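Below: the structure, in structure tokens.
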Amino acid sequence: MAQELKVDIVWEIAAMIGIEAPHMSTGSTEPREIFDAIDQALGLGLQRERRLTKPQMARGIVEAAGFEWSSSDESRGGTVTLDGLRRVRGAVLLLTGSTT
């Protein structure tokens with residue numbers, strides 16, 4: 001069984017919300033554009049007051065679905081961990097009613 005990668009999850013999420021997947025860097029860092037696209041597609045309004053970091057955006061998406069966010073879902077480098085991205089995918093699945 002192949003290990004799941006961030007790029008796979010980003011592609012899945014993009015398909016769920018009907019957009020082309022944003023470009024991923026070679027360092028497997030999730031692109032900010034995916035969180036912005038989720039926010040816009042689902043009308044969450046996360047960016048109303050100020051520009052949020054990627055972990056703040058991911059947390060807002062996860063919490064909008066009623067799920068809990070864990071400190072282990074974000075890295076010290078200002079990115080979202082693989083587990084955090086999995087939580088975002090679960091939140092998008094719930095919020096869109098997608099079966100993808």
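The values are calculated or read from the model by the stated rules, or taken from the named source; none is laboratory data. Values in this document were obtained by computation on a predicted structure and should not be read as measured data. Don't worry about glycine lacking a Cβ; one is built from the backbone with ideal geometry, like all the others, and counts go over all protein chains shown. Side chains included, ligands, DNA and RNA excluded: accessible areas come from the protein's heavy atoms. Shrake-Rupley method; radii C 1.70, N 1.55, O 1.52, S 1.80 Å.
State yes or no: is residue 37 open to solvent by 30 Å² or more (accessible area, probe 1.4 Å) and either in contact with a Leu (Cβ under 6 Å, 6 or more places away or on another chain) or not β-branched (Val, Ile, Thr) (or both)? The answer is no for residue 37. Residue 58 meets the stated requirement of being touching a strand residue (DSSP E or B) at 6+ places or on another chain (Cβ under 6 Å) and in contact (Cβ under 8 Å) with a residue 12 or more places away in the chain. Taken over the stretch 1-55, the residue count meeting the criterion of being in contact with an Asp or Glu (Cβ under 8 Å, 6 or more places away or on another chain), among the polar types (S, T, N, Q) and closer than 20 Å to residue 98 by Cβ is 0. Scanning the stretch 76-100 for residues that are free of Cβ contacts under 8 Å to residues at least 40 places away in the same chain and open to solvent by 40 Å² or more (accessible area, probe 1.4 Å) yields a count of 7.
Looking only at residues in the stretch 54-75 that are under 19 Å from residue 7 (Cα atoms) and either among the β-branched types (Val, Ile, Thr) or open to solvent by less than 60 Å² (accessible area, probe 1.4 Å) (or both), the one that is farthest from the chain's Cα centre (by Cα) is 75. For the stretch 54-82, filtered to residues that are at pLDDT 95 or above and among the acidic types (Asp, Glu), the residue that is nearest to residue 43 (Cα to Cα) is 63.
The residues in the stretch 1-51 that are under 20 Å from residue 83 (Cβ atoms) and of a type in the set (S, T, N, Q) can be counted, and the count is 4.
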